[in-house]
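Inspection log for the structure reproduced underneath, given as structure tokens.
The values are calculated or read from the model by the stated rules, or taken from the named source; none is laboratory data. As the structure is a prediction and not an experimental result, all values here were calculated from the model. Side chains are part of the model used for accessible areas, which takes the heavy atoms of the whole protein and leaves out ligands, DNA and RNA. Shrake-Rupley method; radii C 1.70, N 1.55, O 1.52, S 1.80 Å.
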Amino acid sequence: MEFPKFQHEFDLPGEALLPHRPPFLFVDRLLSADATGALGEYTFTAEKNDFFKGHFHDFPIVPGVILVEAMAQVAGASVVARKVIGDQVAFALASVDGARFRQPFRPGDRLVTVAKIVRERPPLGVYEVKGYLNGEANEKGEPAVECTVKCMMGARLVEKKKELS
């Protein structure tokens, strides 16, 4: 499948961009991004993803909440790579709207995420995210999963973190 071309190519690992760490880091690579959106990917494996042991142990699938988090992390990695919030690496999921899950992801499957920026004005960003199973649309040309995520970012989030510590 052909994905949108974004102005800046990165090929950066998620660990270089996000404060998340395994087992809750779901961006293997941010591939490209610009002021309109981003492209990233993650491969789910039994070695990296312990949840497979208990989420339908006889037919393991990726939980929907993990798919949404993974796609939101691509948007967050893009915010950091594009320096939208300066040197602060603060980005957190605030809400999810209109989630649709069309195909299950299983161990070994690759999630390719296309994030479209709807509105991005710190401290809030809104992104339409679409996830493709192994980089392919389904037989109707639709993504395997899609939704709109709203995310908090920047200084206000850092201040909240300090308050809670």
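Quick notes on this one:
- Among the protein heavy atoms of segment 77-150, carbon and sulfur supply 45% of the accessible surface, probe 1.4 Å, non-protein parts ignored.
- Values of log10 I(q)/I(0) for segment 8-82 across q = 0.19, 0.22, 0.26, 0.27 Å⁻¹ run -0.73, -0.91, -1.15, -1.21, by the Debye formula with one identical scatterer at each alpha carbon and no solvent.
- Distribution of pairwise C-alpha distances over segment 29-70, 10 Å bins, in %: 24, 43, 22, 10, 0
- Over the C-alpha trace of the chain, radius of gyration and Dmax come out as 15.3, 48 angstrom.
- Sulfur and carbon atoms: percent of accessible area, segment 17-65 [1.4 Å]: 65 percent
- Rounded accessible area per residue of segment 1-142, 1.4 Å, Å²: 52 Å²
- Per residue, the convex hull volume that the Cα atoms of segment 107-163 enclose (Å³): 99 Å³
- Near VAL118, the amide H atoms lying under 5 Å from its own belong to VAL126, TYR127, GLU128; only residues 5 or more places off or on other chains count, and H is placed 1.01 Å from N.
- Under a Gaussian network description of the chain, with springs only between Cα atoms under 10 Å, the residue in SER95, SER32, SER78 that fluctuates furthest is SER95.
- Counting only alpha carbon atoms, the long axis of helix 64-81 and the longest principal axis of the chain meet at about 40°.
- P(r) of segment 82-141 over all Cα-Cα pairs, binned every 10 Å from zero, in whole percent: 17, 42, 29, 12, 0
- What the phi angles of segment 84-91 give under the Karplus curve with 6.51, -1.76 and 1.60, with θ = phi - 60°, is a coupling list of 4, 10, x, 8, 6, 9, 10, 7 Hz, glycine and proline written as x.
- In terms of accessible area, using a 1.4 Å probe and ignoring ligands and nucleic acids, ASP50, ASP87, ASP28, ASP34 rank largest first as ASP87, ASP50, ASP28, ASP34.
- Once C-alpha pairs closer than 8 Å and six or more residues apart are averaged by separation and normalised to the residue number of the chain, the relative contact order reads 23 percent.
- Degrees separating the helix 155-164 axis from the principal Cα axis of the chain, which is the longest one: 80 degrees
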